[in-house]
Amino acid sequence: MKFFISDTYKEWYGTRFPAMGLEHFPCHYYYMTPVQQQMLIENYKNGVPLPEGYYFDKADVEKDAQVILNTWRHAASGDLETTKAKLQRMPNSLVREKQRNEAISFELVDLSGFMNHLFTLPEHRNKGIGSAVETDLCIKLIKEGIVPYKDVETFNKSVLAASEKSKYWTRWNSANDEPILVNFYKHVFKTPN
């Protein structure tokens, strides 16, 4: 039987804060080795292509922060200012649709340095735009001397499969070659019965 310190924490938290609960978000981490970084830079030395009708753009903090926040499943009260700070101070990638000049796909870098919240509006999916956004952000990070790494929630089977298949990503594994599970917890108030 495996022991997880997170189970002990959840038990302690439940007795210490009975009105609160913990939502669990298990993830796998992926990173780029130096060889993968160099390969990505070389393969996209002429730029990252997008389908017709779309373009990369600099994020407009006041215009785009709320759109980005509205699509983030982990958004909480007070996150608008954090999102604005990420857009102002951290690398990010954003694609707009030419017709409406609206942000339709984006990815940010968390304040701790990992890539997160890759999102493409549903009506613009399956065109390779999300992959282009991720590639663009990775190139920006590499040029800044930052190793690209991301977490992928375990429920997100399609992104896990794509990350496993990609020649640019390496999953963080144990010495036994098993995926290391990284757990995020969100503190929430319990709803009364």
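Results for (1) modelled with pLDDT under 95; (2) under 16 Å from Ser158 (Cβ atoms), shown as yes or no for each residue.
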{"residue": "Ala76", "(1), (2)": "yes, no"}
{"residue": "Asn92", "(1), (2)": "no, no"}
{"residue": "Arg96", "(1), (2)": "no, no"}
{"residue": "Val133", "(1), (2)": "no, yes"}
Any pair with Cβ under 8 angstrom, 6 or more apart, that starts in region 173-193 at a residue that is touching a residue at least 24 places away in the same chain (Cβ under 8 Å) and ends at one that is of a type in the set (Lys, Arg) and part of a strand (DSSP E or B): Pro179/Arg171
Cβ-Cβ below 7 Å, separation at least six or inter-chain, first residue in region 135-146 and more than 15 Å from Leu111 (Cα to Cα) and modelled with pLDDT under 95, second crowded, with 17+ Cβ neighbours inside 10 Å and not hydrophobic (A, V, I, L, M, F, W, C): which pairs? none
Thr82 fails exactly one of the following numbered conditions: (1) hydroxyl-bearing (Ser, Thr, Tyr); (2) farther than 25 Å from Asn173 by Cα; (3) assigned to a strand (DSSP E or B). What is the number of that condition? (3)
Considering only residues of region 44-74 that are assigned to a loop (DSSP other than H, G, I, E, B) and among the β-branched types (Val, Ile, Thr), which is modelled with the highest pLDDT? Val48
When you go through Lys140, Lys186 one by one, which is the residue that is basic (Lys, Arg), within 30 Å of Pro18 (Cα to Cα) and not in a loop (DSSP other than H, G, I, E, B)? Lys186
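The values are calculated or read from the model by the stated rules, or taken from the named source; none is laboratory data. Only a predicted model underlies this, so the values are computations on that prediction, with no experimental measurement involved. Cβ: placed from backbone, ideal geometry, glycine included. Neighbour counts: every protein chain shown.
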